[in-house]
Structure formats: structure tokens, C-alpha cells
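The values are calculated or read from the model by the stated rules, or taken from the named source; none is laboratory data. As the structure is a computational prediction, the values presented were derived from the model and not from experiment. Counting neighbours? That spans all protein chains shown, and the Cβs are built from the backbone with ideal geometry, glycine included. Each accessible area value is taken on the protein alone, full model and side chains, heavy atoms only, with ligands, DNA and RNA left out. Shrake-Rupley method; radii C 1.70, N 1.55, O 1.52, S 1.80 Å.
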Amino acid sequence: MRTQVGIVGAGPAGLMLSHLLHLAGISSIVVEDRSRAYCEARVRAGLMENWVARMLIDTGVGERLQREAMVHDGIYISFKGEARHIDFQKLIGKQVFIYDQKEVVTDLIARRLADGGQILFEVENASVHEFDGRSPKIRFRHQGRAEEIECDFIGGCDGFHGICRPSFPAGVRSDYDRVYPFGWLGILSDSPPPDDELIYCFHERGFALFSMRGPDLSRLYLQVPPDEDADRWPDARIWDELETRLGGVRPLARGKILQKGITPMRSFVTEPMQSGRLFLAGDAAHIVPPTGAKGMNLAMADVRVLSRAIEAHCKSGREDLLKDYSATCLSRVWKGQRFSWWMTQMLHRHSDEMDFDTKRQIAEIDYVTGSEAAMTSLAENYAGLPMA
Ligand code: DHB
């Protein structure tokens, strides 16, 4: 097989890269080790920055998003039994969108296939080769046969556990890592969310987040110990804990729990995001803790930068944008890392004591929900920093 860009991974990054390249007249093939059904069903964070929604709409994959996404003007932060509103629309004139990543993936797969794109699902043993030269290769097995894609560039969009990042030659990468001493237990429930907007709760028993996927579908999270076993959380315990941490700021309707899972928390960045003609994008290069839901948004920023750099190379032989890819992405990535870390440390309980740091945290939440300057800073990061 021969194509201009070989893409490993059919998540939001790989599919959007393939879509943007197609619009620029550049061919690509996507390989993915999971099935199409798996990719389309996996519930992930569902918060979309303003510019990402606009990019999907402007590039013709926003039709269902415009119909079904829930548009939010702001968020609530709850502490000391009070929910304080941060009104993005008023502060910075921007909204955010709730639209699950699996819907983005579903829309992008449908669009790529309708446009004649090639996505090979359920490939096995994918590996990347010769990306230091002009003719990189992706090798894998598909439907029982050994296959090879010969291409000009490889997009490594295969997530944190993928094969692309570990394929960098020894000594090229520096990794920056932080793990947090807690995780999130997340549920999907057929019950109405407690408010039209998201509520982030700081509570003495730990953080809780009340999000949603629809008017009668809630997406709710609880801070739990790291490596917690979801089986230790029968439904009644989850509801009791959610209700306690919501602290009476809204009534909480209970419903049938449709899904339950643990989200690990880590911050990770690898530098550089590029080796020769292999370019990492999204979770393959960086992971954020989920607070603030920056993961998919950063991935979308990477592939926009990458598609433009490849387009400039193919159309006018420019090398500079490709050479700058890593630095361009990393300046945004680190701001996303900073914001995600900041939201995480501010809203989670780090100890059971009412100690210095806990007092400082409460003062910080009080400040962030009371000062217009601080709220504006939160709003512009949450709704998405401008794309260069
Ligand atoms: C969601 C997840 C988040 O981590 C967040 O900050 C906001 C929303 C969600 O899944 O809906």
C-alpha cells in the first residue's frame, strides 16, 4: 500500500488528521488495532473547547454536533455548601460544548468513509520503520495477511500506550511525568443532571463532578484512592457519596447506573513530539489529568498544526512548519498541562487534615470564584486559549 501519510490510531487525533489532510488534497490511511464498534462506543471526557467545535463545523463534520451538543455558558464551583457560577459568556464571550469523544469519533469515521477514506480496523502487531529517511513504513497484520504501508510521513496518534512513541531512537526523548495520589470513579446514569451546567465540587470527603451527556443522562465522577477497585462501589454507595459531596447545593436525582469505570490521573509530556518523519499527536505525546477535560482539545490542536505543516510541505516544499511542529504544539500543550494540573490540585482533597494546604486551597477557590480577574483567567483557559 502506498499513501502520503500513514496514521496509527483511529481516535479523535488520527481521524481528524486524516480528515484535514483529505480536505487539503493529501491522501492518508489510518490503521487501528481496535474494532470500529469499540472506537465508537468508548465513553471519554465530553467537553469541547469553543474553537474545536468551530473547526468541526467549518470542516463539514459538525452537523450532528450542532444538533445534539449541549452548549454551556459557564460552570459552577461548589464549596462550603454554596455553588458559585463562573459565566464564560459574560466574562469572555465564549461558550463550551458537551459532546462525548465517542460521538466525535463516530462522526469522523462516517465522514472519512463517505469521502472514500481508508481506515483499517483490527490490525495486529503494528510497527513503524525507516522514519529517519524519506520513505517511512508502517507494518502490521490485517485479516491474516502481513501488510506494509509506504508513506512520506507517519502520524503517531495511537495514544499513551501506543507503539509510536517507544519507537523513537534511544536518547531522543525527554519525558516529564507526574502521578496523582487519587483517581476518578466515573459513572453514566439515566438520570437528569442536577443542573444545566457542570458543577465542580470541593468537599471535605473529596472532589466530585456533575456533568452530563443529555437532559436525562448524567456523567458523574468521584475522587477515589488510586487503583481503586470499582467493585468496592455498589450503586447505593456511589449515590450516597455523590449526594454528600454535592453538599446540598442542588437536589440529586438517582437513576440506573449504565456504566462504571476508573479514570487514572497523570500528567505526562514527551519532548520532542517528532523524530524524523514520525510525528506524535494527542495522548501519544501528552496526557493531562481529566479535570477541565483538555485531552481531546490538545489532540485536536496538534493535528491542526500537523495537517497545515504537511500541507505546506506538499504544496510548496516548505520544511519550516514541519521543523517547528514540536515547538509549536508544546507551547500550547504546556499551557494545557498547567491549567489541568491547577484545576486538579485546587479541587481535590490531598489530605484528611484541615492543614495549611487545605486552608490555602479553600482561599484559592474563594478567590477564583470571587475575583473577576481570576474568573476571566479560568474562563479563557477552560473555553480554550486562542489558536495561533
Ligand atoms: C467531563 C469530564 C471532565 O473531566 C470535565 O472537566 C468536564 C466534563 C465530562 O466527561 O463530561
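From the list Ala37, Ala41, Ala53, Ala24, the one residue that fits, being within 16 Å of the ligand (Cβ to nearest atom) and open to solvent by 10 Å² or more (accessible area, probe 1.4 Å), is Ala41. Looking across region 107-166, the residues that are out of contact with any Asp or Glu (no Cβ under 9 Å at 6 or more places or on another chain), of a type in the set (Gly, Ala, Ser) and in contact (Cβ under 8 Å) with a residue 12 or more places away in the chain come down to Gly117, Ser127, Gly133, Gly155, Gly156. Can you tell me which residue within region 140-194, out of those that are outside any loop (DSSP other than H, G, I, E, B) and hydroxyl-bearing (Ser, Thr, Tyr), is least open to solvent (accessible area, probe 1.4 Å)? Ranking the candidates gives Ser189 first. Residues of region 150-206 that are out of contact with any His (no Cβ under 8 Å at 6 or more places or on another chain), more than 15 Å from the ligand (Cβ to nearest atom) and closer than 30 Å to Leu246 by Cα: Arg178, Val179, Asp190, His203, Glu204, Arg205. For first residues located in region 44-56 and under 15 Å from Val105 (Cβ atoms), partners that are of a type in the set (Asp, Glu) and near the ligand (Cβ under 10 Å from one of its atoms) and lie 6+ apart or on another chain with Cβ distances below 9 Å form the pairs Arg44/Asp100; Ala45/Asp100; Gly46/Asp100.
Out of Asp302, Asp324, Asp320, Asp240, one residue alone is in contact with a helix residue (DSSP H, G or I) (Cβ under 6 Å, 6 or more places away or on another chain), at pLDDT 95 or above and among the acidic types (Asp, Glu). It is Asp302.
Scanning region 256-276 for residues that are more than 16 Å from the ligand (Cβ to nearest atom) and open to solvent by less than 30 Å² (accessible area, probe 1.4 Å) yields Phe268, Val269, Thr270, Met273, Ser275.
Among the residues of region 105-124, is any touching a Lys or Arg at 6+ places or on another chain (Cβ under 9 Å), over 11 Å from Leu15 (Cα atoms) and among the polar types (S, T, N, Q)? No: region 105-124 contains no residue that is touching a Lys or Arg at 6+ places or on another chain (Cβ under 9 Å), over 11 Å from Leu15 (Cα atoms) and among the polar types (S, T, N, Q).
Taking region 10-21 as the range and being over 18 Å from the mean Cα position of the chain (by Cα) and open to solvent by 10 Å² or more (accessible area, probe 1.4 Å) as the test, only Leu20 passes.
Only one of the numbered conditions (1) within 14 Å of the chain's Cα centre (by Cα); (2) surrounded by fewer than 21 Cβ atoms within 10 Å (Cβ to Cβ) is not met by Leu47, and that is (2).
Of all residues in region 289-306, those that are hydrophobic (A, V, I, L, M, F, W, C) have Cβ atoms under 6 Å from Cβ atoms of residues that are within 11 Å of the ligand (Cβ to nearest atom), 6 or more apart or on another chain, in Ala293/Ala45; Ala293/Leu47; Met296/Gln101. Against the numbered list (1) in contact (Cβ under 8 Å) with a residue 60 or more places away in the chain; (2) out of contact with any Asp or Glu (no Cβ under 8 Å at 6 or more places or on another chain), Gln274 comes up short only at (1). Considering only residues that are touching a residue at least 60 places away in the same chain (Cβ under 8 Å) and hydroxyl-bearing (Ser, Thr, Tyr), look in region 359-388 and name the one that is surrounded by the fewest Cβ atoms within 10 Å (Cβ to Cβ). Per the criteria, the residue is Thr376.
Within region 207-218, the set of residues being open to solvent by less than 20 Å² (accessible area, probe 1.4 Å) and either at pLDDT below 95 or out of contact with any His (no Cβ under 7 Å at 6 or more places or on another chain) (or both) comprises Ala208, Leu209, Phe210, Ser211, Met212, Gly214, Ser218. The condition of being open to solvent by 30 Å² or more (accessible area, probe 1.4 Å), over 29 Å from Thr59 (Cα atoms) and either under 18 Å from the mean Cα position of the chain (by Cα) or free of Cβ contacts under 8 Å to residues at least 24 places away in the same chain (or both) does not hold for Pro251. Consider region 227-248 and keep the residues that are assigned to a loop (DSSP other than H, G, I, E, B), more than 15 Å from Tyr76 (Cα to Cα) and open to solvent by 60 Å² or more (accessible area, probe 1.4 Å). The one that is nearest to the ligand (Cβ to nearest atom) is Asp227. Here region 58-78 is the region considered, the condition is being more than 24 Å from Val288 (Cα to Cα) and out of contact with any Leu (no Cβ under 7 Å at 6 or more places or on another chain), and the residue that is most open to solvent (accessible area, probe 1.4 Å) is Arg67.
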